[in-house]
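The numbers here are math on the coordinates, done by the rules we state, and not lab data. Remember, it's a predicted structure, so these values are computed and weren't measured experimentally. Note that each Cβ is placed from the backbone with ideal geometry, even for glycine, and that neighbours are counted across all protein chains shown.
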Amino acid sequence: MKKSVLAVLFTLILCSCSKTKKIIPKEAGNGLFHRVKAKHNSSIDSLDQVPYVINDPLSTSYYQLIDSLNGYWGVSRKVSPLNSLPYFEELDLGSNYYESREVVSFKELDSGQIKFTIRFKETENEDNRYSRFIVARADSIPFKSNTNEILLSKYRELKSGIFSDSIYGAIDLFDPYSHLEAFKKDAARHGVDLSHITRSDMELIWEPDSCRELMGYAFKSCDPNKLGIGLRRTDWNQKIISDFNEFRISLMWHEFGHAVLGFRHLCQGGHIMSGRHQNPKVVENLSECEGEYISTYDLVFDHKDPHKNFQRAVKVMFDGYFQIQYFCGSLEQDAILD
Ligand SMILES: [Zn+2]
């Protein structure tokens, strides 16, 4: 699954990169800053005319200025539809999601706030984009104490969301093989027998941060007895634990959908296999792409709206309802599906 899907959730991820030029004046000092407002545009010439979006106080982005602008650092969320508890998530994961990114202007305002503009692109072939930020000094980051370790123990105690489920709640979240065991159990309770697949049938590849495009992918999709999974290690280890949509479970159910069940992406939203990031999109009818794009990361455990309900999406996947099998012709045998 491509990280751009998550970027929809974490739209504030726009400004993290190790390639930032060190042009921050010394007098700006080091320290911690939070976002006051921001704007984005495809052209720098008309960026002045774009209105700022004032920061939502329930979800505040934090920055660190060290010797250089350490861009976007993370987000502190007081309320999230996917998490019962507030948290701080460091989102400068690996710092190299970007093909290029640099600060093109920087100014300390009379108010003491700092205004800076960055030019960036996520992939080599796209045009430059621009973002301008106003940030203010901060003393500390709210909810930073809610680390993954703390959140995990609290959610297990609360038995909220996926932790209320006997199969999902028992997964060792940081062990991909534990996910495979749980996927087999989930399949069994939906009437699908995957008992022939064992841990040793799964080839696992850990990807470094330099693998910028993908958080996870599947291979060996055409072999009914084998599966391959690739995971970007930093994302896997560090993404915040959520009780109503756990990143690792949602990612793995999607990749197992490719690798174990042999399913392709669907342009329709609301499916574990929803995916619009390949070209061409899988489309039999253009209306498939019209609805709201709810990906595996947007589905919510126990959501009242069936379209957004995680369990409903899991059920239709195992039922095969609306799913499209991968065409395992000679060209597709070795394909990697993200
Ligand atoms: Zn996919």
Under 12 Å Cα-Cα from Lys37, which aspartates and glutamates qualify once same-chain neighbours fewer than 8 residues away are excluded? Asp56
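Highest mean first, what order results for 77-86, 188-197, 265-274, 129-138 on Cβ atoms within 10 Å? Kindly include the intermediate steps, with their values, before the conclusion.
Working: 77-86: 17.1, 188-197: 13.0, 265-274: 23.0, 129-138: 19.2.
Descending packing order for the listed peptides: 265-274, 129-138, 77-86, 188-197.
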Put one equal scatterer on each alpha carbon of segment 92-166, apply the Debye formula with no solvent term, and list log10 I(q)/I(0) at q = 0.11, 0.26 1/Å to two decimals. -0.58, -1.15
Under a plain spin-label model, where a point goes 7 Å from the Cα along Cα-to-Cβ, how far apart in nm are Asp172 and Ile150? 2.6 nm
Determine the equivalent ellipsoid of segment 77-234 by diagonalising the alpha-carbon gyration tensor, then write out the semi-axes as square roots of 5 times the eigenvalues, largest first, rounded to whole Å. 39, 25, 11
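Just to confirm the filter: which GluC sites (Glu not before Pro) across segment 92-168 are DSSP coil and have at most 12 other Cβ within 10 angstrom of their Cβ?
On the way: sites: Glu99, Glu102, Glu108, Glu122, Glu124, Glu126, Glu149, Glu157; in loops: Glu99, Glu122, Glu124, Glu126.
Here the GluC sites (Glu not before Pro) that fit, given the DSSP loop and packing criteria, are Glu124, Glu126.
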Would you work out if segment 160-319 is rounded, prolate or oblate? Take a ≥ b ≥ c from the square roots of the eigenvalues of the alpha-carbon gyration tensor; rounded if a/c is under 1.5, else prolate when a/b is larger than b/c, oblate otherwise. rounded
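Compute the Cα gyration tensor for segment 166-221, then decide on rounded, prolate or oblate, letting a ≥ b ≥ c be the square roots of its eigenvalues: rounded whenever a/c is under 1.5, prolate when a/b is larger than b/c in the other cases, and oblate in all that remain. All intermediate terms of the calculation are to be shown ahead of the outcome.
Values: a/c = 2.38, a/b = 1.71, b/c = 1.39.
Prolate, because a/c is 1.5 or more and a/b exceeds b/c.
What does the charge add up to near Asp48, with Lys and Arg as +1, Asp and Glu as -1, over the other residues with Cβ less than 13 Å from its Cβ?
Working: positive: Lys39, Lys115, Arg132; negative: Asp45.
For residues surrounding Asp48, the net value is +2.
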Expressed in µm² per second, the diffusion coefficient of segment 187-260 from the Stokes-Einstein equation, with Rh the Kirkwood radius over alpha carbon pairs, at 25 °C and 0.890 mPa s, is 184 µm²/s
Could you work out the mean projected area of the convex hull around the alpha carbons of segment 288-338, in square nanometres to one decimal? 4.7 nm²
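Which GluC sites (Glu not before Pro) does segment 217-311 hold that lie in a coil by DSSP with at most 16 other beta carbons within 10 Å?
Working: sites: Glu246, Glu255, Glu284, Glu288, Glu290, Glu292; in loops: Glu246, Glu284, Glu290, Glu292.
Loop-located and lightly packed - Glu284, Glu290, Glu292.
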The set of residues whose placed amide H lies less than 5 Å from the amide H of Asn309, leaving out same-chain residues fewer than 5 positions away, is Val300
Cross-link partners of Lys185 among aspartates and glutamates (Cα-Cα below 13 Å; sequence separation of 8 or more within a chain): Asp165, Asp193
Whole-Å distance linking the alpha carbon centroid of segment 290-304 with that of segment 236-288 is 11 Å
Over 18 Å between Cα atoms: which of Lys184/Lys239; Lys78/Lys154; Lys184/Lys315; Lys78/Lys308; Lys184/Lys226; Lys144/Lys239 fall into that group? Lys184/Lys239; Lys78/Lys308
